[in-house]
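The structure appears right after this line, and notes come after that.
Computed from the coordinates by the stated procedures, all read-outs in this text should not be read as laboratory data. Treat the numbers as computed from the prediction; the structure is a model and nothing was measured. Heads up, the Cβs are rebuilt from the backbone with ideal geometry, glycines too, and the neighbour counts pull from every protein chain shown.
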Amino acid sequence: MACNFDQRIDRRHSDSLKWQKYGDRDILPLWVADTDFRSPDCIINALKQRVEHGIFGYGSPPTELIDVVITRMADRYQWQVEPEWLVFLPGVVSGLNIAVRAFTAQDQGTIAPTPIYPPFRTAAKLAHRFQLNAQMRRQEQRWLMDLDALEPQLTGREKLLMLCNPHNPGGTVYRRNELENQLRFAQRHDLIVCSDEIHCDILLEPGVKHIPFASLSEDAQQRSVTLLSPSKTFNIAGLGASLAIIPDKGLRTRFNSVRQGIVPTVDILALVAATAAWKDGQPWLNQQLDYLRNNRDLLTRQINAVSGLSLAAPEGTYLAWINASALNVASPALFFERHGLGFSPGRDFGDDGFVRFNFGCPQSLVKEALRRIESAVNSL
């Protein structure tokens, strides 16, 4: 069945955080990472069926969902996951915060790439832990983390390496040798690894494959926490269904101990949506990936034709990390907002010379945004 990703669904006066931000101002919301696509029918129909049951008491992850996750990891990544390794969460962000508090003490710290998705930064800040940042550098049209340059800064008090694959905001999908380099770094410094892999299904570069960090080896598996969710892939972030895969019993016990009484269980409707998404959503996803790939290619081509802007085509995610530092404006995000464009500010990720453009939307919106970008730059 063909899906209509060109359909413009009015979200401006709904409960959408993304569209509410600018109210009735003529600003295109291209910031927070949810898409403007209708979720697949398999999810909507499963939710309707569950709602018709009419009772919404306390629930627990259904056996079907656990089986779907285990089968998915085996089929896609040849990673054999056990049911007891799964810890269901209402969001990946809560998983990041739990990991920081579970695996570091007050005088210890974390290591994370920069620029990076803001919750990586705030998780350390909120827990009052220090954080060292490994700079992401553009190499042959890809953003890669420079761990070697970080080595002289290490104090021995770093306990947690936080990874993001595919990388948000740069869009890099790490190759096996790159992941193995990250593993060797973790081994040298005896680090636990928390790997956010929420965008693992959104792969846009032909031939590129996602490799879970934990699937590299037995050692990688035993030192890792892998965070996953169908939320970005199937546009169900508002339902809050995520999970951590934690093979090591000791790490899992520490993680659950910190979570206890603070982070709630997953909503029963979210569990229904997650099961339907991972079980029956692949045909819809295949079409979405084709659509997003076209959006990415259009965006990359036209952004790089604008003087003062540059973009390395993201290999994964629906997020474009646009370098606007050559525009010589105080804040690119504020500059573009004055021209009707609501991007995520680069400063939230660690570099104020950039903006993040969410192209998970109808292509007509991307084209209008490109028209506004060109007009804004020409006004300088």
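Some points to look at:
- Student exercise, region 55-280 dipole from Lys, Arg, Asp, Glu Cβ charges, in Debye to nearest 20: 520 debye
- Size of region 148-242 as Cα extents on the principal axes (Å, biggest first): 40, 30, 26
- Helix-only [θ]222 nm of the chain, DSSP H runs n ≥ 4, -39500 (n - 2.57) each, per residue, nearest 500: -11500 deg cm²/dmol
- A Cα-only calculation for region 283-380 places Rg and Dmax at 13.2, 45 Å.
- Residues whose placed amide H lies under 5 Å from that of Leu89, excluding near-sequence neighbours: Ser242, Leu243, Ala244
- Centre separation in Å (Cα based) which lies between region 1-58 and region 242-301: 17 Å
- Local net charge near Cys164, Cβ-Cβ under 10 Å (Lys/Arg +1, Asp/Glu -1): -2
- Projecting the Cα atoms of Ala220, Leu285, Leu370 onto the charge dipole of the chain (Cβ charges, centred on the Cα centre) puts Leu370 farthest toward the positive pole.
- Footprinting exposure proxy ranking of Thr172, Thr114, Thr233, fewest other C-beta atoms within 10 angstrom first, gives Thr114, Thr233, Thr172.
- Dipole magnitude of the chain, debye to nearest 20 (Cβ charges: Lys/Arg +1, Asp/Glu -1, about Cα centre): 560 debye
- When the Cα gyration tensor is reduced to axis lengths a ≥ b ≥ c, the ratio a/c is 1.5 or higher for region 30-143, and with a/b above b/c it is classed as prolate.
- The Cα atoms of region 260-331 give a gyration tensor whose axes a ≥ b ≥ c have a/c of 1.5 or more with a/b no greater than b/c, which makes the shape oblate.
- At full extension, Gln80 and His53 could sit 6.3 nm farther apart than now, given 0.36 nm per residue minus the alpha carbon distance.
- Over all other residues within a Cβ to Cβ distance under 15 Å of Ala2, the charged ones net out to -2, with Lys and Arg as +1 and Asp and Glu as -1.
- Cα gyration tensor shape of region 177-321, rounded if a/c is under 1.5, else prolate or oblate by comparing a/b with b/c: oblate
- Tail beyond 25 Å, pair distance distribution of region 55-280 (Cα, percent): 36 percent
- Value of Rg/Rh across region 1-95 [Cα atoms, Kirkwood radius]: 1.04
- When each of Asp146, Asp280 is scored by the number of other beta-carbon atoms lying within 10 Å, the sequence from fewest to most is Asp146, Asp280.
- Sequence of Met162, Met73 once ranked by neighbouring C-beta atoms within 10 Å, starting from the fewest: Met73, Met162
- In range of the label at Lys209: residues from region 147-189 whose backbone nitrogen is under 13 Å from the point 7 Å along Cα→Cβ: 175-177
- Computed over the chain, the range of Cα coordinates on each principal axis works out to 59, 58, 38 Å, biggest value leading.
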